[in-house]
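Inspection log for the structure reproduced underneath, given as structure tokens.
Taken together, the values in this text are just the output of simple stated rules run on the coordinates, not laboratory data. Note that the structure is a prediction, hence the values are computed from the model and not measured. Note that each Cβ is placed from the backbone with ideal geometry, even for glycine, and that neighbours are counted across all protein chains shown.
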Amino acid sequence: MIIEGEPCDISDTILGVSKQQLITNKYRSARHWFWSGLRRYPGIFLVSIFFLLMSSILGLVPSIFVGWGIDIFTAEGFSITFLWIGLSIIIGAVINWATSFFGSYIWSVAAFRIERDVRQEFFEVIQEHSMAFHDENDSGVLLSMGMNEVAQIRLAYQPAFRLLLSTFLNIALACVYFFVKIPIGTRNIGVGVWEIGLGVTAIFILYFILAWRYASKIGPVRRELSTELGRLSSASQEVFRGIEVVRSFDKENTEENKFRIINDNYADYVKKEGFLSSFYWPSLLIVIAMGISFGVGIYLIPLEVITSGDLAAMLTLLFSLLTFNFMVPMRLLMLQAGLVNAQRIWDIITYRDLLEEPPVPLVAEWDKNIIFNNVSFKYPNTEKFVLKNINFTIPPGSRVALIGGPGSGKSSILKLLLRLYDTTEGDIILNGCALRDMATIDVRRDITLVEQDIFLFSASIKDNIAFSKPNATFEEIRIAARRAQALNFIEASPDGFDTPISERGVTLSGGQRQRIAIARALLADPKLLLLDDSTSAVDVKTEARLRLAMEELIKGRTSIIVTQRLSTLVESDLIIFLEKGEIVDIGSHQELLARCPKYQFMLSYLPSGSQIDEVLKTGGVN
């Protein structure tokens with residue numbers, strides 16, 4: 001949207017289709033996305049299914065040969081033929097084991113690849129989501145989903161789905177065995193009694209119907225179990241991250257009790273799931289099928305419709321299916337867990353993001369006026385406006401200070417400039433065009449934020465500084481550290497720039513973390529610099545070092561500083577005084593001092609900065 005001035009140029013940035021769009025355009029639903037794993041690696045699955053079918057067919061061999069062996073032993077006694085039957089059973093078992101092993105191995109390869117792909121897709125889509133998404137979703141729950149619940153999808157494929165498919169094939173072949181009678185020499189494969197075949201088939205159809213109903217009962221329990229697992233992960237992560245606060249207030253017992261409640265809730269759902277698995281009564285149907293087959297078989301033997309060996313083969317086959325059946329509840333649990341967790345992950349992937357990329361992005365030129373035009377803003381899913389009808393213009397190269405009490409909206413202005421959020425009402429105008437019409441990658445390429453709560457990665461000092469420019473040379477990194485007044489303490493560290501920083505940089509002082517963050521910003525060489533109270537809570541000598549670094553960083557570029565420092569206000573070209581999301585006054589330090597009583601009142605509570613000036617004059621910052 002063009003607001004004023006000359007039309008903006010169209011950006012050369014090619015946004016393409018987002019990862020979220022690629023997935024949602026390709027798959028219709030969570031189930032479609034879940035079962036897409038079979039289409040991702042069709043060759044591997046086809047080979048594995050071939051081995052699975054071979055294993056199921058070979059699984060009939062022991063039952064068939066046992067029947068033949070009984071008939072041969074009855075007719076011939078302990079003969080050579082009988083010995084060959086015994087040897088054939090052993091050979092068949094070995095071949096069956098080999099085909100089962102290769103089928104399982106190949107299927108496992110595909111399952112682990114699916115897990116890898118799903119986890120990567122999940123991570124990439126979350127990376128694309130705006131801050132509104134992260135405001136709504138707990139990081140601990142997301143972590144649990146990305147690790148535990150994605151792993152459940154893999155387990156649904158292997159072993160759950162593979163073994164269920166194997167069970168189905170075994171049951172289908174068993175039903176065929178009862179119907180057919182294929183002559184091989186003087187022997188037959190199959191019973192060839194359609195009455196028995198029809199009865200066994202009917203029982204197995206009823207078995208599958210009841211198994212499906214059983215699976216539907218597992219679904220709600222599994223959904224609650226996944227939710228409780230996410231809460232468990234979130235509670236653990238929160239305590240571990242805030243362990244210093246917990247110990248400083250001696251609240252270990254309180255947190256242990258809170259965790260125990262969540263843990264007990266999780267255990268209750270595990271018990272419910274275990275109860276359903278233990279009392280899987282459809283398995284009784286196979287026992288009934290064995291009893292019916294035995295009774296009918298005893299009746300048919302004197303009629304010479306079947307032999308004693310045929311009856312033994314029937315019972316052996318049904319007994320092997322009964323053994324398979326004992327594992328069906330666990331397979332159904334795993335499959336249902338995979339489907340439920342796929343739905344939960346799908347809901348995250350298909351999150352309707354309020355922050356959208358423009359279809360034709362415009363160029364973001366930060367060397368032009370930055371205009372807030374009737375901007376009002378409230379965070380997603382909230383009712384309260386944190387900014388109300390904000391209007392101001394920042395000329396290029398200006399040094400701007402934002403001042404105001406807590407909750408006045410200072411940090412929200414910085415977030416809007418970074419396009420972490422879009423304005424609720426009004427527009428931010430850059431070079432005559434709305435910021436929302438510019439791609440986020442273009443907007444953020446030339447902006448650097450030094451946040452109030454400094455975040456450092458669990459990596460070396462060098463890697464943390466180079467985060468803003470991964471291809472930077474070591475000399476560039478060293479120069480940035482020197483300009484940020486961080487070189488002395490870095491080189492005094494055990495491994496210099498290769499010194500590892502622990503999680504969140506807790507092994508460094510507040511001033512050291514801030515100087516590394518400033519070095520990171522210096523290396524980025526931004527056109528617009530955003531500073532969120534970056535020199536707070538440091539001693540006088542450290543702040544003097546930081547002011548030297550900031551002066552060099554601010555020089556020649558537009559800067560917006562959230563501050564409570566009098567010295568910074570005096571040196572600013574423009575001060576924007578905020579209160580409860582509204583502008584109280586705008587002007588230079590002298591102008592506000594002359595006309596704004598609220599500004600005068602606030603100044604009386606700010607540090608004068610005289611000690612800092614004295615340190616700078618005496619050169620005592622080294």
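Taking other Cβ atoms within 10 Å as a rough exposure proxy, Ser376, Ser226 sort from fewest to most as Ser376, Ser226. Within region 292-392, the trypsin sites (Lys or Arg not before Pro) that combine a DSSP coil assignment with at most 11 other C-beta atoms in a 10 angstrom radius are Arg352, Lys384. Relative contact order of the chain, please, whole-number percent, based on alpha carbon pairs below 8 angstrom and at least 6 residues apart. Once normalised by length, the contact order is 15 percent. For Leu416, the shell of other residues with beta-carbons less than 14 Å away shows a net charge of +3, using +1 for Lys and Arg and -1 for Asp and Glu.
Look at Trp97, Trp346 and count the other Cβ atoms within 10 Å of each Cβ; fewest to most, that gives Trp97, Trp346. Averaging the Cα positions of each part gives two centres, and for region 436-462 and region 340-375 these lie 16 Å apart. Neighbour counting of Cβ atoms within 10 Å sorts the residues Phe457, Phe51, fewest neighbours leading, into Phe457, Phe51. Excluding Ile196 itself, calculate the net charge of residues whose Cβ lies under 14 Å from the Cβ of Ile196, where each Lys or Arg counts +1 and each Asp or Glu counts -1. Charge balance in the 14 Å sphere: -1. Calculated FRET efficiency, Gln120 to Thr254, Cβ-Cβ distance, R0 = 30 Å: about 0.20 to the nearest 0.05. Unpaired Cys in the chain, meaning no second Cys C-beta under 4.7 Å: Cys175, Cys596.
Looking at region 449-525, the pairs of alpha carbons with a distance over 19 Å make up 21% of the total. Partner aspartates and glutamates whose Cα lies under 13 Å from the Cα of Lys469, excluding those fewer than 8 positions away in the same chain, are identified as Asp446, Asp525.
With loop defined by DSSP as not H, G, I, E or B, and exposure as at most 10 other Cβ atoms within 10 Å, which is the longest segment of the chain clear of exposed GluC sites (Glu not before Pro)? The answer is 1-303.
Counted by Cβ distance under 14 Å from Thr74, the other residues give a net charge of -3, where Lys and Arg count +1 and Asp and Glu count -1.
Note on Asp264 and Ser604: with the Förster distance fixed at 45 Å, the Cβ-Cβ geometry gives a FRET efficiency of about 0.25. With q set to 0.08, 0.11, 0.13 Å⁻¹, the log10 of I(q)/I(0) for region 27-349, from the Debye formula over equal scatterers at the Cα positions, is -0.52, -0.82, -1.01. Beta bridges from DSSP with both residues in the chain: antiparallel share about 55 percent, rounded to the nearest 5. The charge dipole of region 449-525, taken about its Cα centre with unit charges on the Cβ atoms of Lys, Arg (+1), Asp and Glu (-1) only, comes to about 180 debye. The Rg/Rh ratio for the chain, using Cα coordinates for both the radius of gyration and the Kirkwood hydrodynamic radius, is 1.17.
Once the Cα-Cα distance is subtracted from the 0.36 nm per residue extended length, the Asp9 to Glu76 segment shows a gain of 14.5 nm. Listed cross-link partners Lys217/Lys272; Lys217/Lys258; Lys415/Lys580 are compared with a 21 Å cut-off, the Cα-Cα value being larger for Lys217/Lys258.
Using the Cβ-Cβ distance between Asp347 and Ile95 with R0 set to 45 Å, the FRET efficiency works out to roughly 0.45. Its Cα gyration tensor gives region 38-149 an equivalent ellipsoid, and the semi-axes of that ellipsoid, as √(5λ) in whole Å with the largest first, are 53, 13, 9.
Per-residue ellipticity at 222 nm computed for the chain from its helices equals -19000 deg cm²/dmol, with DSSP H segments shorter than 4 residues left out and the rest contributing -39,500 (n - 2.57). Reducing region 387-432 and region 56-113 to their Cα centroids gives an inter-centroid distance of 76 Å.
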